[in-house]
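One structure below.
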Amino acid sequence: MTGVSQDISPVSGILGNSITNLHAEGETIWVGPHLNLSSDGGQSWGVVNSDSLAGLKNTVYSIDIEGNVIWVGLGDSNRQRSGGGRGSTIHQTAGLLNSMDGGLTWNYISYFPRNSEDPNTTGLLDFPDDTLVVYGDNELWSLATTVPELSPPWDIDYDQNTGDVWVASQVAGLRKSSDNGQTWKRIVLPPDTSKFISPDLDIDFPFFSLPEPAGITPRDFRGYNFLTYSVLVDELGTVWVGTLGGLNMSDDGGRSWKHLTAQDGLLGNVIYSIEEQSRPGQSPAIWFAHRSGSATSEAFESSGISVTRDRGETFEHALYGHECFDFAFDWPSVYIACETGGLFISRDDGSTFTSINQFQSNQSTFVSLNNLEVLSVALTNGILWVGTNDGLFRSMDGAHTWNRFRANVPLNPSGLPPIVSPEQVPEVSTYAYPNPFSPYSDGIVRIRYDLETTEQVAVRIFDFGMKLIRTIVNESQSQGIQEVVWNGTDDSGIHLANGPYFYEVKTQNDRFMGKILIVH
């Protein structure tokens with residue numbers, strides 16, 4: 001582990017528009033994907049200048065904050081193509097960031113098994129010969145997780161009562177550190193075929209997350225419950241872990257586990273998010289976000305949310321068919337961020353819900369996506385924050401009116417924070433972002449330009465042979481910075497193939513050209 005002193009630099013706004021993570025701590029809102037923060041309701045912004053975030057090369061996959069202790073899971077992704085030509089996104093771990101002083105200084109924790117500067121540390125991954133896991137008096141045969149792919153830190157939770165840090169890392173499973181990240185332990189969860197495990201029992205099963213281990217038929221073993229996506233330690237000390245194969249509960253710090261599935265009342269076995277709702281004078285309620293498509297389909301399963309108010313004895317369900325990501329609570333109000341349907345709000349502790357999928361803001365003329373995906377939600381002292389795939393929204397009046405915050409690429413950059421290199425934002429007359437552009441994951445590409453006067457403007461798209469395929473606008477526009485969007489289709493509405501395309505911004509006196517690379 002390498003300790004690096006860092007600071008928080010002021011920036012003009014957030015540095016990314018896909019707001020997959022929000023975390024509120026007091027008056028401060030922390031924002032992924034590039035670890036922005038604001039303590040004054042968005043009037044001013046800062047960014048963490050960690051070497052692991054420099055150049056925007058890694059992004060925030062998970063955040064947990066308890067007082068002055070901050071833990072951040074870092075990851076990255078890349079597009080890969082299968083033999084059939086279809087693309088898929090592969091997520092991978094990039095390590096962790098930790099601050100013990102509220103963000104003034106930071107430590108980077110590598111995912112590698114060993115650090116040459118401190119041979120006594122272990123990482124979030126394994127040595128190749130780590131093929132046995134000791135569990136009580138049992139030795140379980142295992143496969144080592146040695147590469148960062150498919151092991152991003154999807155969720156992280158810090159238990160301030162014990163000092164333990166828990167990380168849910170998909171193929172790498174559930175990891176725990178009791179010494180501020182110097183060493184990590186693989187935590188054994190029940191296999192799909194077990195409802196309870198304890199180190200005091202005589203047990204024997206292969207402990208790794210491949211669904212079909214070599215030489216073992218699927219009916220004899222499935223490791224879906226080892227693929228972890230979410231983790232929570234509630235205020236009573238119970239550890240809750242969501243996997244591809246169900247829900248796991250531990251009341252003894254992760255030694256023994258109870259395993260619940262859709263057969264036990266859950267809406268589904270795939271659990272992507274777990275959050276705790278504090279209730280006055282009562283034990284906390286625990287909320288779960290499910291996805292359909294579980295490989296262990298012994299019972300009917302659906303996307304939606306479940307909640308237990310009695311420590312897992314019974315479950316209530318809602319928002320059937322909606323794919324949700326995040327929760328926020330302000331008793332008795334419940335806020336749920338969903339990819340489909342938008343932001344769901346209940347004013348009666350989950351009995352009834354209304355939804356918001358339009359966040360109108362009159363502060364900017366820049367174009368916004370028509371169908372926003374709501375990816376995250378948080379509350380700071382009465383301010384409601386909503387993260388979407390096209391920026392951050394803030395409401396100070398209970399979700400009635402909104403202000404929008406969005407990363408805008410400066411055409412004439414100056415005073416960039418150290419996290420952004422000048423090469424990434426060159427001084428240009430026109431700019432297209434994101435670039436490369438995926439119509440399926442990004443939705444739209446934005447083309448920005450600065451007009452010296454009010455004049456007639458035409459924005460057109462050409463293929464590699466300079467054949468005109470789309471006219472986006474041809475109209476009079478006002479002086480100043482303008483923005484148009486393109487969804488990757490031609491004039492007939494047909495999605496274009498992968499490859500380079502050229503855009504032209506033509507005014508009465510000037511003509512600017514740029515290139516956009518489409519990658520499906």
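The values are calculated or read from the model by the stated rules, or taken from the named source; none is laboratory data. Bear in mind that the values here come from a model prediction, so they are computed numbers and not experimental data. Cβ atoms come from the backbone with ideal geometry, glycine included; neighbour counts cover every protein chain shown. Side chains are part of the model used for accessible areas, which takes the heavy atoms of the whole protein and leaves out ligands, DNA and RNA. Shrake-Rupley method; radii C 1.70, N 1.55, O 1.52, S 1.80 Å.
Given the conditions (1) under 27 Å from the mean Cα position of the chain (by Cα); (2) open to solvent by 50 Å² or more (accessible area, probe 1.4 Å); (3) among the aliphatic types (A, V, I, L, M), which single one is not true for Ala144?
All conditions pass for Ala144, except number (2).
Of all residues in segment 1-39 being of a type in the set (S, T, N, Q), open to solvent by 20 Å² or more (accessible area, probe 1.4 Å) and assigned to a strand (DSSP E or B), which is modelled with the highest pLDDT?
Thr28
What's the number of the condition Ile305 fails, among (1) within 21 Å of the chain's Cα centre (by Cα); (2) crowded, with 23+ Cβ neighbours inside 10 Å; (3) at pLDDT below 95?
Failing condition for Ile305: (3).
Go through segment 481-498 and count every residue that is part of a loop (DSSP other than H, G, I, E, B) and more than 30 Å from Thr454 (Cβ to Cβ).
Within segment 481-498, residues that are part of a loop (DSSP other than H, G, I, E, B) and more than 30 Å from Thr454 (Cβ to Cβ) number 6.
Can you tell me which of Asn487, Asn474, Asn408 is modelled with pLDDT under 85, open to solvent by 60 Å² or more (accessible area, probe 1.4 Å) and polar (S, T, N, Q)?
It is Asn408.
Scan segment 427-448 and tell me whether some residue there is surrounded by fewer than 16 Cβ atoms within 10 Å (Cβ to Cβ), of a type in the set (D, E, K, R), modelled with pLDDT under 85 and not in a loop (DSSP other than H, G, I, E, B).
No: segment 427-448 contains no residue that is surrounded by fewer than 16 Cβ atoms within 10 Å (Cβ to Cβ), of a type in the set (D, E, K, R), modelled with pLDDT under 85 and not in a loop (DSSP other than H, G, I, E, B).
Enumerate the pairs (first residue in segment 171-199 and assigned to a strand (DSSP E or B); second residue anywhere and open to solvent by 50 Å² or more (accessible area, probe 1.4 Å) and among the small types (Gly, Ala, Ser)) with beta-carbon separation below 9 Å, excluding pairs fewer than 6 apart on the same chain, so at least 6 apart or on different chains.
Every condition considered, the pairs that remain are Lys185/Ser178.
Run Ser52 past the list (1) open to solvent by 20 Å² or more (accessible area, probe 1.4 Å); (2) over 23 Å from Phe325 (Cβ atoms); (3) modelled with pLDDT under 85 and report the number of the one that doesn't hold.
Looking at each condition in turn, Ser52 falls short on (1).
Go through (1) more than 22 Å from Ile516 (Cβ to Cβ); (2) at pLDDT below 60 and name the single condition Arg394 misses.
The failed condition is (2).
Where residues in segment 490-511 are β-branched (Val, Ile, Thr) and surrounded by 13 or more Cβ atoms within 10 Å (Cβ to Cβ), which of them is nearest to Asp463 (Cα to Cα)?
This residue is Val505.
It is to be established whether one or more residues within segment 270-292 are open to solvent by 40 Å² or more (accessible area, probe 1.4 Å), of a type outside the set (Ser, Thr, Tyr), more than 26 Å from Ser395 (Cβ to Cβ) and in a loop (DSSP other than H, G, I, E, B).
Yes, segment 270-292 has at least one match.
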